[in-house]
Amino acid sequence: MRPEDLQAVRALPLFATMKAENFERLMPASFLQRFPRGVVLIREGEPADFLHIVVEGAVELHAHGMGRESSIAVAYPVSAFILAAVLKDAVYLMSGRTLEPSRILMIPSESIRTIILEDPEFAQAMVNELARSFRFMVKTVKNLKLRTAVERLANYLLRLHEDAGRTTQVILPFEKRMIASLLGMTPENLSRAFATLKPYGVEVDGPAVLLTKVDDLKRLAKPTSLIDDPNI
């Protein structure tokens with residue numbers, strides 16, 4: 001990697017506190033690469049040879065089974081995937097592909113496992129990343145099991161509303177097929193859910209969604225910090 005890339009990686013939360021000599025051991029075998037949209041980075045069922053860290057861009061994590069495909073999550077900067085497989089020296093349980101042009105740091109799994117035993121600060125950073133990923137998945141399962149499809153969509157739109165600075169109009173970040181998959185629906189169910197939300201001030205025009213009755217939408221969605229707050 002170039003010197004400026006090394007400095008950028010060193011500043012990432014996963015590496016900021018590790019010992020300098022261990023960072024210097026870790027980096028020579030690592031790669032910081034740019035990938036175009038749609039590149040498959042990992043495949044479920046294959047050995048976890050590298051830890052991947054999203055430095056720029058976005059990566060869709062998805063899975064296949066029974067002739068179906070489902071989007072599980074989206075990894076944004078700065079986050080690692082899939083750390084559990086790397087630490088267990090196991091196969092990936094999900095596949096990953098870039099959703100947009102992305103910069104991905106790839107670190108050999110064996111190097112991660114070696115240095116984590118020697119560097120307590122690095123080990124703590126890895127534990128923190130595992131904890132973040134675990135809590136995200138728990139929230140995802142709660143969202144799927146405790147809410148109806150309409151409630152899941154309503155809360156998703158409210159999250160976009162918050163992230164956009166509470167503006168009246170939000171832009172869907174992905175195509176509707178993928179949003180349906182992330183929310184545990186079929187595209188047809190998503191269309192019906194949008195229609196159900198129309199009396200609550202939800203107006204859809206392509207990727208743009210107008211929210212004219214946010215308070216009514218909140219009364220329907222009943223958002224809770226234990227599912228919807230990304231900081232908890």
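Bear in mind that the values in this text are calculations on the coordinates, not laboratory data. The structure presented is a predicted model; accordingly, all values stated were derived computationally and were not measured. With ideal geometry, Cβ positions are generated from the backbone for all residues, glycine too; neighbour counts draw on all protein chains shown.
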Karplus-derived 3J(HN,Hα) from phi for region 104-112 (6.51 cos²θ - 1.76 cosθ + 1.60, θ = phi - 60°), whole Hz, x at Gly and Pro, runs 10, 8, 10, 10, x, 4, 4, 5, 4
Here FRET efficiency (C-beta to C-beta, Val141 to Lys222, R₀ 22 Å, nearest 0.05) is 0.80
One finds, for Asp229 and Ile72 with R0 = 35 angstrom and r their Cβ-Cβ distance, a FRET efficiency to the nearest 0.05 of 0.95
Here the net charge surrounding Leu105, from other residues whose Cβ is less than 15 Å away from its Cβ (Lys, Arg +1; Asp, Glu -1), is -1
Protection proxy (average C-beta count within 10 Å per residue), highest first, orders 215-227, 62-74 as 215-227, 62-74
Per-residue ellipticity at 222 nm attributable to helices in the chain (runs of n ≥ 4 DSSP H, -39500 (n - 2.57) apiece, nearest 500 deg cm²/dmol) works out to -12500 deg cm²/dmol
The set of residues whose placed amide H lies less than 5 Å from the amide H of Glu100, leaving out same-chain residues fewer than 5 positions away, is Gly38, Ala58
Quick calc: nm separation of the 7 Å Cα→Cβ label points for Thr186 and Met1 -> 4.5
Calc'd 3J(HN,Hα), region 12-19, phi into Karplus 6.51 cos²θ - 1.76 cosθ + 1.60 (θ = phi - 60°), Hz, glycine/Pro = x, comes to 5, x, 5, 10, 5, 9, 6, 5
Relative to the chain, whose Cα atoms define the longest principal axis, helix 187-196 and its Cα axis are tilted in degrees, nearest 10, by 50
HN-Hα couplings for region 81-87 via Karplus (6.51, -1.76, 1.60; θ = phi - 60°), in whole Hz with x for Gly/Pro, come out as 8, 9, 5, 4, 5, 5, 5
For the chain, using Cα atoms only, the Rg and Dmax in Å read 19.5, 61
Charge tally for neighbours of Ser191 with beta carbon under 15 Å away, counting Lys, Arg as +1 and Asp, Glu as -1, is +1
Taking the chain, the lysine pairs whose C-alpha atoms sit under 28 Å apart (8 or more places apart or on different chains) add up to 26
Taking alpha-carbon centroids only, region 101-164 lies from region 1-40 a number of Å equal to 19
Subtracting the Cα-Cα distance of Glu151 and Glu203 from 0.36 nm times their residue separation yields 17.1 nm
